[in-house]
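What follows is a single structure, written as structure tokens, with notes after it.
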Amino acid sequence: LDDYKASLSKIDTSTSHPARRYNYLLGGKDNFAADRESGDELVRAFPGARESALANRAVLQRIVGHLAAEAGVRQFLDIGTGLPTADNTHQVAQAIAPASRIVYVDNDPLVLTHARALLTSSEEGATAYIQADLREPDTILNCAVLHDTLDLTRPVAVMLVAVLHFIQDDDVVNAVVRRLTDALPSGSFLAITHVTWDFLAPEVLAQVRAMTDAGRVDAWPRTREQVQGFFDGFDIIDPGVVPTTQWRPDPGTVEYDLRNVAAWAAVGRKR
Ligand SMILES: C[S@@+](CC[C@H](N)C(=O)[O-])C[C@H]1O[C@@H](n2cnc3c(N)ncnc32)[C@H](O)[C@@H]1O
């Protein structure tokens, strides 16, 4: 309860925040006026913003489903969790393998206040939540909660889904990914989705770039090559680094207009 109260007192509702703006774009209710204004501004500049958010959430669920069902992964470290929605990582994984164990990490205090919805584990498995910043990977790796829940001598899937693009500095982001993946044994998985401007129409690109330069968007795009670079020491599994909508789409899925899909997705297995 003390954690909860301390978290509430840290919530700043006057400026937009990634977790709440994303929740707004997904059609959720856990957001404030500043998040809605920021989301609307983004949609005006980039009409595919909602579609991109939905496609990102959907690929997260397909990746977890694939890892649990096809790759036999039973441990997940989901960093940049976001506000809970219907099928969070543990629900998707535990529906396939009830003994799956999941640690969630986010730095937004609002996510912590919703953590109860993330901690509804199956009896056979486990879920835990750590409030920490991805930019401080050692805080995550040294946390007792992590080691109480996951066995880092056995394969773990690290989920960095729509979170790395909040770190602007390439050296910092590369060091963070390297530190986290160095801590995992061979056979572990790394799953990444990442905002890109690679497919944007020129007029949309100009508007999004103007918003970003003015400091009104805080997601820093990366190219396909940069996303691929995160997988040093990993074998990227099929279908490779692809737009989120093209990562193992469910049969019968309608083709998206790529100009509305502003993110890459990829999953790799550690050698
Ligand atoms: C766009 S949401 C993605 C949520 C979820 N992974 C998904 O794809 O549906 C990004 C999340 O990353 C969190 N986040 C952003 N920067 C972070 C950081 N430095 N450390 C930890 N979490 C961060 C935000 O608070 C937010 O919940």
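Normalised by the empirical 2.2 N^0.38 Å for globular proteins, what value does the Cα Rg of the chain take?
Normalised Cα radius of gyration, the chain: 0.95.
How are the C-alpha pair distances of the range 19-92 spread across 5 Å bins, as whole percents from the shortest bin up?
Pair shares across the bins are 3, 16, 24, 21, 15, 11, 7, 4, 1.
Longest segment of the chain with no GluC sites (Glu not before Pro) in a DSSP loop having at most 10 other Cβ atoms within 10 Å?
Longest site-free region, per DSSP loop and neighbour criteria: 124-254.
Would you mind calculating the gained length between ASP238 and ARG116 on full extension (0.36 nm times residue separation, minus the Cα-Cα distance), in nm to one decimal?
Numbers: separation 122, 0.36 × 122 = 43.92 nm, distance 3.46 nm.
Extra length from ASP238 to ARG116 when fully extended: 40.5 nm.
Pairs of Cα atoms under 8 Å, at least six residues apart: use those to get the relative contact order of the chain, whole percent.
Details: 494 pairs, mean separation 49.7, N = 271.
Worked out over the chain, it gives 18 percent.
Using a 1.4 angstrom probe, figure out how much accessible area the chain has per residue, in square angstrom, rounded to the nearest whole.
45
Out of the trypsin sites (Lys or Arg not before Pro) in the range 204-233, which ones are loop residues according to DSSP with at most 15 other C-beta atoms within 10 Å?
ARG216
What ratio of Cα Rg to 2.2 N^0.38 Å holds for the range 119-247?
Working: Rg = 16.7 Å, N = 129, 2.2 N^0.38 = 13.9 Å.
Normalised Rg, Cα atoms only: 1.20.
Specify the residue with the greatest mean-square fluctuation among VAL254, VAL158, VAL105, computed from a Gaussian network of the chain linking alpha-carbon atoms under 10 Å apart.
Looking only at VAL254, VAL158, VAL105, the largest GNM fluctuation is found for VAL254.
Counting each DSSP H run of 4 or more residues in the chain as -39500 (n - 2.57), what helix-only mean residue ellipticity at 222 nm follows after dividing by all residues, to the nearest 500 deg cm²/dmol?
Estimated from H runs of four or more residues: -11500 deg cm²/dmol.
Quick one: grab Rg to one decimal and Dmax as a whole number for the range 42-178, Cα atoms only, in Å.
That works out to 15.0, 47 Å for Rg and Dmax.
The values are calculated or read from the model by the stated rules, or taken from the named source; none is laboratory data. Owing to the predicted nature of the structure, the values given are computational and were not obtained by experimental measurement. When we count neighbours, we look across all protein chains shown, and the Cβ atoms used for this are built from the backbone with ideal geometry, even at glycine. Accessible surface is based on the protein model in full, side chains and every heavy atom, while ligands, DNA and RNA are left aside. Shrake-Rupley method; radii C 1.70, N 1.55, O 1.52, S 1.80 Å.
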